[in-house]
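Please read the structure below before turning to the comments.
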Amino acid sequence: MEQHNDDLLRNVHRPAFECFLSCATFFIFVLSRQIAAAPASLKEAYGDMFDVGVAIPSAMLSEAERLTLCTNFTAVTPENGMKADAIHPEEGRYDFAEADEVTKLAERNKLKVNGHVLVWHSQCPDWFFVDAGKPAGRDLVLKRMREHINAVVTHFRGKVFSWDVVNEAIADDQAYLRDSKWLSSIGEDFIEEAFVAAHAADPKADLYYNDYNIELPEKRAKTLRLLRELKTRNVHIDGIGIQGHWILDTVPFKEIEDTIVAIHSEKVKVMITELDIDVVPRRSGADVRDRETVGGGDPYAAGCPPEVLQRQARQYAALFAIFKKHADKIERVTFWGLDDGRSWLNSWPSERTNYPLLWTRDLQPKPALKAILSEAQK
Ligand code: G3I
């Protein structure tokens, strides 16, 4: 009788047990699929939405850096190697060697190159603006600017996908344009002239205006004014680069989103071109002339507090949530450096140990990288 009851019990519970087993197997299967589907790289996570780029200091990368670069990115920007002081140090003397190595590296690894930068007030040798010891007049500076653009763009034709033609020409203060030697020597039309010369030298290259803080309403309005003026005059311009040098806890998320939408509605491409999140307290801005003489010291010389890295991770993820939402408007998101040790923010606005990027100094993924990758799955 007892034996009979046992059998009965077993037979009654077996279907329920089998059902439980198959449900559990199903859930484990689904879970494992989700874990397996977690994107392993930035390229895998976002490559279908927009190009993912990074600034590199030169083509001299370690094998580990090259692997991280090729696994994660689809585009590179030479951080300094195409600037006028590097490429055209004296009138008529061009030095393309370092930048050529970058374009070769990019070609071997199927990365797009964004040329940075043709016309900028910084890292531009004085000879452009001097004539026999005196300030050169408009015609001479304009001629030099056109020659420079023509030589550089022609040299890289077919190797450079896009150019930051003019960088940081808009003023941070009440003025419309920044007080620079380009502006004072040539006049406001130096921007238009630069775009015209670049388009003539390579009609297939994408041409961009690039600047910082243009997500903020006043500078955004001036950027849109510039864009409209260029378009009214039928000047060829393909897009606007929002640099994206942001600071922990003050990332202007709403303004960034508004600016992406505003630029896109002008029917040009939108890029985030120099992304990093500074974690060391400082004043603000990204004007390279603005070095702090009394800096805030070097509070994280011995390491960055984990809590700070977590905050940075959450803020990076929130940015990528915006980029993902507006992926139809964004052409490229470029980080300004591969790892924390490579960032310009270790020496500007004063010397300090900074942690603004996605990999540690020994190329270990930071919480920020993991957060950005998981954001892609949401
Ligand atoms: O090449 C010299 C080298 O010969 C010398 O030994 C060394 C000593 O300090 O300096 C080297 O030049 C440095 C150069 O980077 C190359 O490493 C300059 O001092 C340094 O000022 C320069 O900084 C660059 C900065 O632009 C200059 O304005 C940063 O690396 C670069 O990341 C930064 O990039 C800019 C973008 O082009 C435009 N948007 C803002 C962004 C950050 O400032």
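The values are calculated or read from the model by the stated rules, or taken from the named source; none is laboratory data. Bear in mind the structure is a predicted one, so any value in this text is a computation, not a measurement. Cβ coordinates were reconstructed from backbone atoms using ideal geometry, including for glycine residues, and neighbour counts include every protein chain displayed.
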Given (1) within 27 Å of D139 (Cβ to Cβ); (2) crowded, with 23+ Cβ neighbours inside 10 Å; (3) out of contact with any Ser or Thr (no Cβ under 9 Å at 6 or more places or on another chain), number of the condition Y209 does not satisfy: (3)
Show the residue pairs that are 6+ apart or on different chains and have beta-carbon atoms under 9 Å apart, the first residue being within the stretch 331-343 and within 14 Å of H116 (Cα to Cα), the second being more than 14 Å from the ligand (Cβ to nearest atom). T334/D51; T334/V52; T334/F73; T334/A75; F335/L42; F335/V52; F335/F73; F335/L358
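Every residue, every condition in (1) surrounded by 22 or more Cβ atoms within 10 Å (Cβ to Cβ); (2) within 21 Å of the chain's Cα centre (by Cα), yes or no:
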{"residue": "N80", "(1), (2)": "no, yes"}
{"residue": "D95", "(1), (2)": "no, no"}
{"residue": "H121", "(1), (2)": "no, yes"}
{"residue": "F128", "(1), (2)": "no, no"}
{"residue": "G137", "(1), (2)": "no, no"}
{"residue": "H155", "(1), (2)": "no, no"}
{"residue": "K159", "(1), (2)": "no, yes"}
{"residue": "V165", "(1), (2)": "yes, yes"}
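Examine the stretch 361-370 for a residue that is among the polar types (S, T, N, Q) and either within 18 Å of the chain's Cα centre (by Cα) or not assigned by TED's automatic domain parsing to the domain that holds E266 (or both), and state whether such a residue exists.
Filtering the stretch 361-370 for residues among the polar types (S, T, N, Q) gives 364.
Filter again for either within 18 Å of the chain's Cα centre (by Cα) or not assigned by TED's automatic domain parsing to the domain that holds E266 (or both), leaving none.
No, that holds for no residue.
Does M60 meet the test of being touching a strand residue (DSSP E or B) at 6+ places or on another chain (Cβ under 7 Å) and assigned to a loop (DSSP other than H, G, I, E, B)? Reasoning before the result, please.
Numbers: touching a strand residue (DSSP E or B) at 6+ places or on another chain (Cβ under 7 Å): no; assigned to a loop (DSSP other than H, G, I, E, B): yes.
Judged against the criteria, M60 is not a match.
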Checking A59 against (1) under 21 Å from G341 (Cβ atoms); (2) touching a helix residue (DSSP H, G or I) at 6+ places or on another chain (Cβ under 7 Å); (3) within 15 Å of the ligand (Cβ to nearest atom); (4) modelled with pLDDT of 95 or more, which test does it fail? (4)
Residue among P349, P356 that is within 12 Å of the ligand (Cβ to nearest atom), over 18 Å from the mean Cα position of the chain (by Cα), surrounded by 15 or more Cβ atoms within 10 Å (Cβ to Cβ) and in the same structural domain as A45 (by TED's automatic domain parsing): P349
Odd one out for T293, checked against (1) within 16 Å of the ligand (Cβ to nearest atom); (2) at pLDDT 95 or above; (3) of a type in the set (S, T, N, Q): (2)
Mind listing whichever residues of the stretch 187-208 are out of contact with any helix residue (DSSP H, G or I) (no Cβ under 7 Å at 6 or more places or on another chain), in a strand (DSSP E or B) and away from the ligand (no atom under 16 Å from the Cβ)? D206
Does D100 meet the test of being assigned by TED's automatic domain parsing to the domain that holds G241 and within 16 Å of the ligand (Cβ to nearest atom)? no
May I ask you to list pairs of residues, at least six apart or on different chains, whose Cβ atoms are under 6 Å apart, with the first in the stretch 212-229 being within 24 Å of W336 (Cβ to Cβ) and the second being among the charged types (D, E, K, R)? N213/K219; I214/R220; E215/E255; L216/E255; L227/E266
With the requirement that a residue be among the hydrophobic types (A, V, I, L, M, F, W, C) and either within 16 Å of the ligand (Cβ to nearest atom) or within 14 Å of the chain's Cα centre (by Cα) (or both), what does the stretch 225-255 give you? I240, I242, W246, I247
Over the stretch 209-224, the set of residues within 16 Å of the ligand (Cβ to nearest atom) and not hydroxyl-bearing (S, T, Y) is N210, D211, N213, I214, E215, L216, K219
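Take D179 and tell me if it is in contact with a helix residue (DSSP H, G or I) (Cβ under 9 Å, 6 or more places away or on another chain) and either basic (K, R) or without any contact (Cβ under 8 Å) to a residue 40 or more places away in the chain (or both). Full working, then the answer.
Values: in contact with a helix residue (DSSP H, G or I) (Cβ under 9 Å, 6 or more places away or on another chain): no; either basic (K, R) or without any contact (Cβ under 8 Å) to a residue 40 or more places away in the chain (or both): yes.
No.
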Given the criteria of a type outside the set (D, E, K, R) and surrounded by fewer than 16 Cβ atoms within 10 Å (Cβ to Cβ), does N72 qualify? no
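Evaluate the following for R108: is it among the basic types (K, R), within 24 Å of A45 (Cβ to Cβ), more than 16 Å from the ligand (Cβ to nearest atom) and surrounded by fewer than 20 Cβ atoms within 10 Å (Cβ to Cβ)?
Numbers: among the basic types (K, R): yes; within 24 Å of A45 (Cβ to Cβ): yes; more than 16 Å from the ligand (Cβ to nearest atom): yes; surrounded by fewer than 20 Cβ atoms within 10 Å (Cβ to Cβ): yes.
Against the criterion (among the basic types (K, R), within 24 Å of A45 (Cβ to Cβ), more than 16 Å from the ligand (Cβ to nearest atom) and surrounded by fewer than 20 Cβ atoms within 10 Å (Cβ to Cβ)), R108 qualifies.
Residues to consider are I372, I322; find the one that is buried (at least 20 other Cβ atoms within 10 Å of the Cβ), aliphatic (A, V, I, L, M) and touching a helix residue (DSSP H, G or I) at 6+ places or on another chain (Cβ under 6 Å).
Every option except I372 fails the conditions.
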Qualifying positions in the stretch 177-186 - loosely packed, with under 14 Cβ neighbours inside 10 Å and either of a type in the set (F, W, Y) or assigned to a loop (DSSP other than H, G, I, E, B) (or both): D179
From the list A106, A64, which one is within 18 Å of F156 (Cα to Cα) and either in contact with a Pro (Cβ under 8 Å, 6 or more places away or on another chain) or touching a residue at least 12 places away in the same chain (Cβ under 8 Å) (or both)? A106
